[in-house]
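Before any comments, here is the structure.
The values are calculated or read from the model by the stated rules, or taken from the named source; none is laboratory data. Everything numeric in this text was worked out from a predicted model, so none of it was measured. Glycine gets a Cβ as well: all are built from the backbone with ideal geometry, and neighbour counts include every protein chain shown.
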Amino acid sequence: MLEEKHLTTKDYLVIGSMLFGLFFGAGNLIFPLHLGQIAGGHWVTAALGFLVTAVVLPLLSVLAVSLMHAEGVYDIGRPLGKWFALTFMVLIHATIGPLFGTPRTATVSFTTGVAPLLPKSWQTGGLLVFSALFFLAAFLLSYKERKITSAVGKVLNPLFLLLLAVVFFVGFLHPLGSAGAQAATTGYHTSGASFFNGFLQGYNTMDALAGLAFGVTVVTAVRGLGLHRDTSVAKVTAKAGVIATSAIGVVYLLLIVLGATSVAKFAPSAEGGTAFNQIVTHYFGAAGHALLATLLTVTCLTTAVGLVAAFAQDFHKHFPVLSYVQWLGLMSFASFLTANFGLATIIEWSTPMLMFLYPFSMVLILLSVTNHLFHRDPVVYGFTVAFTTLPALGDMISSFPPVVSQSSFGLAVTNFYHSYLPFSTLGMGWVVPALVGLALGLVCHVWRVRAAASAEA
């Protein structure tokens with residue numbers, strides 16, 4: 001048995017800082033700010049809902065990885081069989097990877113931070129050049145797997161936090177208005193509606209999905225510090241997850257309040273990037289644009305590094321026909337191509353996929369955290385996931401862009417779905433079926449255990 005290294009407080013902080021940097025990317029900066037603007041005086045209940053899916057759930061995903069001694073998304077879905085696990089892994093990585101999540105890291109930083117500095121005629125070419133340089137940097141920082149800890153935890157993330165702290169200090173020293181006095185937009189006029197809409201807004205961060213995917217990256221980094229036993233790696237991963245998500249929760253609250261106060265001077269924007277640009281420009285003038293561009297590029301790059309690395313690590317493990325570096329290059333290039341469709345298109349088409357995948361992710365995370373209660377019985381997993389499938393499909397269809405959701409097929413599915421499933425109008429139609437499936441699965445598990453005990457007697 002190899003000798004285990006005793007980690008210092010500094011080691012825990014570095015791993016926690018790395019995990020914070022991997023989690024905190026484009027959406028984590030703009031979506032809570034936007035939520036504050038649209039929730040207005042009801043920002044507290046909206047924030048509570050947002051924190052459930054954007055902080056608690058990602059923490060549970062990290063705990064699930066550690067408790068299952070998992071090294072990636074595949075292991076979380078493995079109790080349902082290798083084909084389900086492989087399909088789930090591919091869908092998660094495709095969503096947070098080259099289709100939506102990773103390209104968004106480049107488009108948000110460009111659209112919000114860089115584009116305002118360029119003439120309109122340069123926008124298309126500017127995005128092309130910026131995204132090429134952005135993903136080249138992500139590729140180079142991820143090239144050596146064990147260097148990710150240093151690149152993100154020791155350098156990029158502290159720089160981001162320093163820049164963000166400057167914005168918070170000035171913003172709260174000279175507030176634009178009172179957060180509690182601002183009018184709420186449609187959907188946030190009551191506390192209950194604010195909570196559920198904040199809950200759904202948390203999907204946009206993609207952190208619960210990313211937490212599962214980053215498992216392999218974190219485990220690799222922890223082992224690189226000199227730990228070898230699964231139990232030791234699990235404990236360090238869990239502690240780092242608590243450190244990272246606690247810090248993220250504090251930043252989210254500050255961003256939501258900052259967004260709510262900004263409504264006193266600016267009308268709610270279509271997305272948080274514009275709001276952040278307005279706030280920073282108000283306080284810092286022309287220099288604010290440069291600060292914003294730097295801030296967004298740094299935070300988005302940290303997340304891009306984690307996403308491309310996690311993709312390459314998982315795909316090399318399960319599809320070894322290509323090396324880690326080859327998968328890394330393919331992921332970076334595919335993300336570069338998708339990024340050039342633009343931020344609006346990426347966000348528009350990512351929502352349906354998130355509405356489909358998040359219910360599965362939530363039930364699998366909760367089952368992984370509590371699996372000791374039913375001995376990881378595949379029957380419990382099977383019933384719960386099976387009952388979640390159709391409602392998740394309904395959520396996906398109803399949230400597609402109008403070309404699908406407003407078609408005769410889309411309207412028929414949405415009307416049927418909203419008529420028969422509780423909470424479906426809130427985007428939570430999967431909850432009751434999932435609980436029914438869980439109950440049936442637990443009943444079958446108890447019956448099987450008792451039958452086995454009787455047979456032995």
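Okay, here's what the table says:
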| quantity | calculated |
| --- | --- |
| Condition met for residue 255 (at pLDDT 80 or above and buried (at least 24 other Cβ atoms within 10 Å of the Cβ)) | yes |
| Residue match in the range 397-404 (condition: surrounded by 15 or more Cβ atoms within 10 Å (Cβ to Cβ), modelled with pLDDT of 90 or more and within 30 Å of residue 66 (Cα to Cα)) | no |
| Matching entry among 439, 386, 457 (being of a type in the set (Gly, Ala, Ser), surrounded by fewer than 19 Cβ atoms within 10 Å (Cβ to Cβ), at pLDDT 90 or above and more than 25 Å from the chain's Cα centre (by Cα)) | 439 |
| Flag if residue 244 is buried (at least 23 other Cβ atoms within 10 Å of the Cβ) and either outside the structural domain of residue 53 (by TED's automatic domain parsing) or under 17 Å from the mean Cα position of the chain (by Cα) (or both) | yes |
| Residues located in the range 48-85, provided they are touching a residue at least 60 places away in the same chain (Cβ under 8 Å) and either of a type in the set (Gly, Ala, Ser) or not assigned by TED's automatic domain parsing to the domain that holds residue 192 (or both) | 49, 54, 61, 64, 66, 70, 72, 77, 81 |
| Test set (1) within 21 Å of residue 95 (Cβ to Cβ); (2) without any contact (Cβ under 8 Å) to a residue 60 or more places away in the chain; (3) of a type outside the set (Val, Ile, Thr) - residue 422 fails condition number | (1) |
| The range 108-136: number of residues that are of a type in the set (Ser, Thr, Tyr), surrounded by 15 or more Cβ atoms within 10 Å (Cβ to Cβ) and either at pLDDT below 90 or within 16 Å of the chain's Cα centre (by Cα) (or both) | 3 |
| Search result, residues across the range 177-209 that are aromatic (Phe, Trp, Tyr) and part of a helix (DSSP H, G or I) | 195, 196, 199, 203 |
